[in-house]
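Below is one structure, written out as structure tokens; the observations come after it.
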Amino acid sequence: MTTIVLYCRPGFEKECGAEIQEKAAWNEIYGYLTLVKKQGLVYFHLHQDEDADVLMQKLPLKRLIFARQWFATITDKLTLPEYNRVEAICEALGEEWQYSDLRMETPDTNEGKSLSKFCRKLAVPLRQALRKTKVLTEKGDNEGVNLHALFLSGQEVILGYSFTHNSSVHVMGIPRLKFPAQAPSRSTLKLDEAFLHFIPKEQRETRLTSGMKAVDLGAAPGGWTYQLVRRGMMVSAVDNGPMAESLMETGQVKHYMMDGFKFTPMKQNVYWLVCDMIEKPTRVAKLMADWLLHGYCKEAIFNLKLPMKGRYQQVQQDLQLIKDLFAEYRVKYEMYAKHLYYDREEVTVHVRLLSTPPLAS
Ligand SMILES: C[S@@+](CC[C@H](N)C(=O)[O-])C[C@H]1O[C@@H](n2cnc3c(N)ncnc32)[C@H](O)[C@@H]1O
């Protein structure tokens with residue numbers, strides 16, 4: 001039986017499972033789930049073996065909110081011998097298929113973290129052995145297939161594959177970002193990751209560039225503003241709380257001590273709207289749609305805080321609200337949502353209007 005293995009934040013296996021099952025069903029692909037709670041692993045066992053390949057070609061990973069990474073299994077869980085692990089893995093793979101990259105992965109848990117040292121060590125001889133038989137080819141293009149080795153322990157591994165063009169470039173879907181010492185809060189990593197995730201590398205120079213105007217709603221103490229300032233933007237920071245002095249000293253930030261729901265820009269020259277207000281997600285979703293429809297900004301990145309229960313349903317409901325409003329005004333847009341690595345009880349949404357804002361004055 002072929003299984004798609006999905007990685008998510010530990011504790012969100014139920015949401016990740018519900019989502020893959022639902023989105024697979026839209027493609028008339030069916031299966032059942034095994035969730036490994038608190039390990040961030042979801043197994044979607046497909047009724048038809050060939051469906052794994054079809055689904056991983058048809059459904060873009062970026063359309064999944066809760067899955068960070070995925071692969072289709074080549075083997076079931078293998079028990080490795082204490083010695084000659086490399087040989088055992090090579091034998092299980094055979095020589096029929098080629099892969100352009102090897103991903104050594106573990107569950108995103110404390111045990112997983114201690115296993116990753118072992119994985120790094122094993123990766124060297126394993127790569128060498130796979131290259132020798134040309135099972136592992138040269139890395140580089142976007143056309144290839146990744147080989148995944150998910151280690152559940154030093155003795156247990158699941159082997160699988162994903163398509164390079166439809167998988168995360170990061171091992172386990174986790175970008176390792178460095179916390180900038182000058183940033184006033186750890187939240188800064190969320191916006192840094194969001195830019196990395198939502199804006200393609202080759203477009204960052206035009207869509208995230210120096211001189212742009214940005215608005216940050218719920219800005220204090222300034223972790224998100226820091227990311228905008230760092231990219232040379234001029235920022236209107238809206239929050240009743242205090243902003244970090246270091247940011248105010250840059251001369252790139254104007255602080256508005258007021259309610260983010262009441263602020264509107266004076267001129268229609270804002271490119272980015274970012275919003276991290278701890279508020280009811282439905283209220284935030286409406287506000288974001290309102291800004292875009294009025295042409296107050298061109299692109300928005302915002303967080304939707306998740307409730308304790310019914311988290312997937314809540315996100316879907318809030319995204320649907322935006323979709324319905326945009327459909328009503330017949331605007332073209334793109335919208336993606338992701339539970340990013342640096343997010344906790346929230347998901348990050350990116351919306352970009354692709355046609356003229358209908359309510360712009
Ligand atoms: C999670 S913190 C933001 C952290 C910030 N993004 C950073 O990186 O430093 C949420 C902020 O939203 C602000 N906030 C909540 N409701 C707001 C509202 N209605 N108007 C303006 N700010 C609001 C709070 O004062 C708080 O500073």
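Values in this text are rule-based calculations from the coordinates and carry no lab data. What you see is a predicted model; the values in this text were computed from it and never measured. Cβ sites come from the backbone with ideal geometry, for glycine too, and all protein chains shown count toward neighbours.
Here are some notes:
- Within region 261-300, the proportion of Cα pairs with more than 14 Å between them is 42 percent.
- Dipole axis of the chain (+1 Lys, Arg; -1 Asp, Glu on Cβ), positive-most option in Val331, Tyr256, Gly11: Tyr256
- Its relative contact order, with pairs defined as Cα atoms under 8 Å and 6+ residues apart, puts the chain at 13 percent.
- Inverse mean reciprocal Cα-Cα distance (Kirkwood Rh) of the chain, Å: 22.0
- Remark: C-alpha extents of region 210-334 on the principal axes read 42, 34, 24 Å, sorted largest to smallest.
- Amide H contacts for Tyr99 (H built 1.01 Å from N in the peptide plane; partners 5 or more residues away or on another chain; cut-off under 5 Å): Leu136, Thr137.
- Dipole of region 167-248 [Lys/Arg +1, Asp/Glu -1 at C-beta], most positive-end residue of Val235, Ala183, Ala219: Ala183
- Each of His148, His339 was scored by other Cβ atoms within 10 Å of its Cβ. Listed from fewest to most, they are His339, His148.
- As a calculated quantity, the FRET efficiency between Asn84 and Lys134 at R0 = 30 Å, using C-beta atoms, amounts to about 0.90.
- DSSP-loop GluC sites (Glu not before Pro) across region 66-149, with at most 13 other Cβ within 10 angstrom: Glu82, Glu95, Glu96, Glu138, Glu143
- Under 5 Å between amide hydrogens, built in the peptide plane, is the criterion, and for Met212 it picks out Met234 among residues at least 5 positions away or on other chains.
- Listed residues Leu191, Leu325, Leu35, most fluctuating in the chain (Gaussian network, C-alpha, under 10 Å): Leu325
- For region 225-314, GluC sites (Glu not before Pro) meeting the loop criterion (DSSP other than H, G, I, E, B) and having at most 12 other Cβ atoms within 10 Å: Glu249.
- Cα-centred dipole magnitude for region 188-353, charges only on beta-carbon of K, R (+1) and D, E (-1), debye, nearest 20: 360
- Where Cα atoms sit under 15 Å apart: lysine pairs in region 213-306 separated by 8 or more or lying on different chains: 8
- Size of electric dipole in region 3-173: Cβ of Lys, Arg +1 and of Asp, Glu -1, about Cα centre, debye, nearest 20: 820
- R0 of 41 Å, Cβ-Cβ distance Lys309-Glu91: FRET efficiency to nearest 0.05: 0.30
- Taking Cα centre as origin and charging only the Cβ of basic (Lys, Arg, +1) and acidic (Asp, Glu, -1) residues, the dipole magnitude of the chain rounds to 980 debye.
- Database remark: amide H of Leu80 closer than 5 angstrom to the amide H of Glu156, Val157 (H placed geometrically; neighbours at sequence offset of 5 or more, or on other chains; Pro and chain starts carry no H).
- Sites Arg330 and Lys267 - FRET efficiency at Förster radius 22 Å, r taken between beta-carbons, to 0.05: 0.25
- Annotation: cysteines of the chain without a disulfide-compatible partner (Cβ-Cβ under 4.7 angstrom) are Cys90, Cys119, Cys275, Cys297.
- Contour excess over end-to-end distance, with Cα ends at Leu321 and Lys254 and 0.36 nm allotted per residue: 21.0 nm
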